[in-house]
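Everything on this sheet refers to the single structure shown next.
The values are calculated or read from the model by the stated rules, or taken from the named source; none is laboratory data. Computed from a predicted structure; not experimentally measured. A quick note on method: Cβ atoms are made from the backbone with ideal geometry, for glycine too, and the neighbour counts reach across all protein chains shown.
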Amino acid sequence: MLGARLKISMLTAIAALTASTAQGADYSQPLPPPPIIVQQPQQDCCDTWYLRGFVGVGMNSAYKLDYQTQTNATLQHQSNADSLFVGGAVGYEWNNWLRFDVSAEYRAKSRVYAFVTYPPAGIDEYQGNLKSWVFLGNAFVDLGTWNCFTPFVGAGIGAAYNTLSDFSDVNPNGGFGFGRNPSEWHVAYALYAGVGYNVSKSLKVDLTYRYLSYGSITDTVDCNVTCTKDTFKFGNLSSHDLMLGLRWTCCEAPPAPRYVYQPPAYTPPPYTPPPPPPLHSRG
């Protein structure tokens, strides 16, 4: 009897252990480590475009004056005043060191003057106002950034629309004449050197020196009946410009990729009920 009960107890224990092992096998294996997902930044259509505005003063160089008249006249003196200008540009940053833009500017009126003598004691004074529109396609090379400062160089080529207005001849002896207010298109080019300061990621301040060559202008002075027509050509128009500008990138550069934790979806394991325990015998 004791031996039979002992056998029954051992069989019951083995069955319970087997059921526990089978139930444990039904559960899933330990969850894998959570994945790391890289969120790629959304590229913006205008993250490399910029707008540039500038103002400046042009220190006009001495022009070449060709004076054509029927009298035996001699040019004694000539001068031209400095000019102020304002302009803007639309640009594209090709990469982190090369950029291009197209600029347009208005150069305000600057006074031009010429003093002419002719024998025996004739004197003529000529003066007027020169103004220009300048259109340039520019390329710039940024030379690196140190403590928010970025030096750069550049070059541009385009066209200038020059106008000579209010040009007149005043003779102390009573003669007078007036110009024809001509306007002419000429080739223009520019050379740049400057430094930019990064105020923020999207705003920069530029201080720039520019050499600008913008063509020439020719005018004819129609005098009263006692004098002849005189023709003036103001050639080799050029200027040493000092410019202050703001450059605004219309969209900030996309941020660096972020690593974001995303937990995996959890699926509970299927439940399998354990087998019923064996029946006990009372024998």
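GLY177 - would you say it is crowded, with 17+ Cβ neighbours inside 10 Å and under 20 Å from the mean Cα position of the chain (by Cα)? It is false that GLY177 is crowded, with 17+ Cβ neighbours inside 10 Å and under 20 Å from the mean Cα position of the chain (by Cα).
Yes or no: region 185-199 includes at least one residue that is buried (at least 19 other Cβ atoms within 10 Å of the Cβ), hydroxyl-bearing (Ser, Thr, Tyr) and either free of Cβ contacts under 8 Å to residues at least 24 places away in the same chain or part of a strand (DSSP E or B) (or both). There is at least one residue in region 185-199 that is buried (at least 19 other Cβ atoms within 10 Å of the Cβ), hydroxyl-bearing (Ser, Thr, Tyr) and either free of Cβ contacts under 8 Å to residues at least 24 places away in the same chain or part of a strand (DSSP E or B) (or both). Scanning region 55-70 for residues that are within 32 Å of the chain's Cα centre (by Cα) and at pLDDT below 80 yields a total of 0. Of all the numbered requirements in (1) in a strand (DSSP E or B); (2) over 26 Å from GLY196 (Cα atoms), ASN72 misses one, and that requirement is (1). I'm trying to understand the selection: among the residues of region 27-54, which are surrounded by 13 or more Cβ atoms within 10 Å (Cβ to Cβ) and modelled with pLDDT of 55 or more? Listed by number, the residues that qualify are ASP47, THR48, TRP49, TYR50, LEU51, ARG52, GLY53, PHE54. At least 1 residues being of a type in the set (Lys, Arg), touching a Phe, Trp or Tyr at 6+ places or on another chain (Cβ under 9 Å) and at pLDDT 90 or above is the threshold, and among the strands (runs of 3 or more DSSP E) wholly inside region 77-169 those reaching it are 98-118, 122-142. Of the listed requirements (1) under 22 Å from LEU65 (Cβ atoms); (2) touching a residue at least 40 places away in the same chain (Cβ under 8 Å); (3) surrounded by 14 or more Cβ atoms within 10 Å (Cβ to Cβ), PRO182 misses just one: (2). When ALA108 is tested against the conditions (1) loosely packed, with under 13 Cβ neighbours inside 10 Å; (2) in contact with a Ser or Thr (Cβ under 8 Å, 6 or more places away or on another chain), the lone failure is (1).
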